[in-house]
Amino acid sequence: MLCFSAPVLGAGFAIMEQSVKELGQAFSGAPTNIEDGSMVFFNPAAMSRVHGRLVSVSGYLVAPSVTFDNRASQLSPLVGGAPLRGNNGGNSASLVAIPNFYYVQTLTEKLAIGLGVNAPFGMRNRYNADWIGRYQAIESRLETINFNPAIALKVTEKISFGAGFNIQYLRAKLTNAIDFGTVCLQALGSVPCANQGLLPQTADGHVALKGDSVGLGYNFGIFFTPNQNTRLGVSYRSKIDHNVKGDADFTTPGNAIALTQNGSFIDTNIRAPVTMPDNVMFGFYHRINARWAVSADALWTRWSHIQALRTEFSSAQPDEVQDLKWEDTWRYAFGISYFSQADRWTFRTGFAYDQSPVPNSRFRSPRIPDNDRYWLTAGFTYAILENINLHGAYAHLFFTDPAINRSGTTDDRLIGEFSEQINIVGLQLDWRF
């Protein structure tokens with residue numbers, strides 16, 4: 001599981017895909033879900049409604065498409081502002097797989113425990129090495145794996161509380177080209193740089209930043225059933241602070257070696273503080289009659305923890321700071337479920353509106369070309385046996401095409417528009433014993 005990564009699926013770089021059953025209704029019932037083990041993640045209080053043992057294993061195939069359309073991207077005005085050369089980068093996304101696993105067990109009539117192994121955050125994209133935006137991003141990868149033991153207590157027949165502890169491993173890789181021609185002109189002027197053949201876009205180098213970290217957090221929730229047909233839930237997941245440590249590997253063209261004499265652009269250790277945001281989820285579920293049920297939820301995420309991505313170098317290289325200025329977001333979802341006469345089949349559909357934390361085109365990074373998205377989903381549950389269920393689901397994510405007008409570290413400006421869409425399919429098996 002440590003080897004997989006995912007594109008951006010929820011707003012920012014959150015991964016909503018923790019339950020195929022819930023994917024079918026756009027996760028509208030997530031904090032009130034008692035049918036599968038994802039309750040460990042979405043609301044641990046709901047574990048008190050499980051009888052015996054429950055294992056949920058799921059997998060998703062995600063097929064994203066992200067392409068860029070250039071609109072007069074240019075070099076820094078300080079070096080003439082000439083157009084940036086290169087292609088549009090190709091489809092920066094690729095097919096990926098996401099697994100997760102949950103286990104829940106009742107200890108007594110009032111006490112239950114559980115364990116979740118999943119990936120709450122992740123993103124990956126890779127552009128062509130010679131694309132127009134190469135000075136701001138080529139490859140970007142962030143991967144997490146989260147271990148979440150949890151416990152639930154049924155206080156009364158209607159109210160339960162639950163809490164969990166999270167151990168989260170994170171690793172990241174960021175690469176981009178360096179325009180040593182522009183670096184030279186900005187540092188030394190045109191004459192010595194021209195003598196060395198260091199002109200903008202003619203002497204590209206490369207840097208790769210790699211690192212990992214382990215962070216700790218917690219989650220808790222409340223589950224309330226006012227009657228047998230209605231369920232309410234609210235849950236909270238804490239922020240997790242990471243202190244990513246790793247290495248910076250620089251590749252410098254031969255005619256730019258002089259620019260490394262002061263200790264810049266040399267291989268060194270790095271440190272980057274990163275905060276995974278906290279969130280609050282509110283949920284509602286109501287069984288209208290024997291055939292129909294509705295569900296709804298609202299998710300608030302404190303993306304404002306992420307104001308900048310700062311990389312600190314152990315060498316004389318100045319800190320690299322990418323301003324993001326992310327804002328807090330809301331995600332709203334609504335779902336409908338239909339139950340067959342014998343309850344062997346359940347069919348569901350859902351819709352969600354998912355806000356982006358990116359404030360505007362100036363702070364939109366090609367590493368995370370995020371924007372508001374709309375989820376349209378459909379799914380089913382089939383009772384193979386009385387204690388074994390199979391879930392399947394499909395989702396299509398529509399994006400408002402995000403524009404970008406962003407300055408890089410050498411004041412180059414990437415101007416254009418991204419076109420994005422994502423298709424997701426998932427299968428899940430639940431076993432109660």
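The values are calculated or read from the model by the stated rules, or taken from the named source; none is laboratory data. The shown structure was predicted, so the numbers you read here are calculated from the model rather than taken from an experiment. We place every Cβ from the backbone using ideal geometry, glycine too, and count neighbours over all the protein chains shown. Ligands, DNA and RNA are excluded from the accessible area calculation, which covers all protein heavy atoms including side chains. Shrake-Rupley method; radii C 1.70, N 1.55, O 1.52, S 1.80 Å.
Candidates are the residues of region 408-420 that are modelled with pLDDT of 95 or more and open to solvent by 30 Å² or more (accessible area, probe 1.4 Å); the one that is farthest from V57 (Cα to Cα) is R413. Within region 346-367, the set of residues being under 19 Å from G379 (Cβ atoms), surrounded by 22 or more Cβ atoms within 10 Å (Cβ to Cβ) and not hydrophobic (A, V, I, L, M, F, W, C) comprises R348, G350, D354. Of the candidates D328, D343, the single residue that is in contact with a helix residue (DSSP H, G or I) (Cβ under 6 Å, 6 or more places away or on another chain) and open to solvent by 60 Å² or more (accessible area, probe 1.4 Å) is D328. If you check A293 against the conditions, is it in a strand (DSSP E or B), without any contact (Cβ under 8 Å) to a residue 60 or more places away in the chain and open to solvent by less than 20 Å² (accessible area, probe 1.4 Å)? Considered against the rule, which asks whether it is in a strand (DSSP E or B), without any contact (Cβ under 8 Å) to a residue 60 or more places away in the chain and open to solvent by less than 20 Å² (accessible area, probe 1.4 Å), A293 comes out as yes. Among residues of region 134-163 that are over 30 Å from E109 (Cα atoms), those with a beta-carbon under 7 Å from a residue that is open to solvent by 40 Å² or more (accessible area, probe 1.4 Å) and assigned to a loop (DSSP other than H, G, I, E, B) at least six positions away or on a different chain give the pairs R134/G86; I138/A129; I145/M1; I145/L2. Within the group T32, T67, which residue is within 24 Å of F284 (Cβ to Cβ), modelled with pLDDT of 95 or more and touching a Phe, Trp or Tyr at 6+ places or on another chain (Cβ under 8 Å)? T32 is the lone residue from the list that is within 24 Å of F284 (Cβ to Cβ), modelled with pLDDT of 95 or more and touching a Phe, Trp or Tyr at 6+ places or on another chain (Cβ under 8 Å). Take the conditions (1) open to solvent by less than 40 Å² (accessible area, probe 1.4 Å); (2) in contact (Cβ under 8 Å) with a residue 60 or more places away in the chain; (3) closer than 30 Å to D372 by Cβ; A248 misses just one of them, which is (3). Does E320 satisfy the condition of being under 24 Å from V244 (Cβ atoms), open to solvent by 70 Å² or more (accessible area, probe 1.4 Å) and either in contact with a Gly (Cβ under 8 Å, 6 or more places away or on another chain) or not hydrophobic (A, V, I, L, M, F, W, C) (or both)? No, not satisfied. Here L209 does not fit the description of being in contact (Cβ under 8 Å) with a residue 12 or more places away in the chain and either in contact with a helix residue (DSSP H, G or I) (Cβ under 7 Å, 6 or more places away or on another chain) or under 30 Å from M47 (Cβ atoms) (or both). With the requirement that a residue be under 30 Å from R367 (Cα atoms), open to solvent by 40 Å² or more (accessible area, probe 1.4 Å) and not acidic (D, E), what does region 41-70 give you? Residues satisfying the conditions are L61, A63, T67, N70.
What residue, among those in region 194-214 that are in a strand (DSSP E or B) and not aliphatic (A, V, I, L, M), is nearest to I132 (Cα to Cα)? In this case the residue turns out to be D204. Here's a check for you: in region 384-400, which residue that is open to solvent by 70 Å² or more (accessible area, probe 1.4 Å) and touching a residue at least 24 places away in the same chain (Cβ under 8 Å) is nearest to A177 (Cα to Cα)? For region 384-400, the residue satisfying everything is F398. Just one of the listed residues (I98, I113) is assigned to a strand (DSSP E or B), under 30 Å from V50 (Cα atoms) and touching an Asp or Glu at 6+ places or on another chain (Cβ under 7 Å), namely I98. Scanning region 144-169 for residues that are touching a Leu at 6+ places or on another chain (Cβ under 7 Å) and within 27 Å of S92 (Cα to Cα) turns up T144, I145. Looking only at residues in region 106-127 that are over 22 Å from the mean Cα position of the chain (by Cα) and of a type outside the set (A, V, I, L, M), the one that is most open to solvent (accessible area, probe 1.4 Å) is E109. For region 139-197, the set of residues classified as among the acidic types (D, E) and within 17 Å of the chain's Cα centre (by Cα) consists of E139, E143, listed by residue number.
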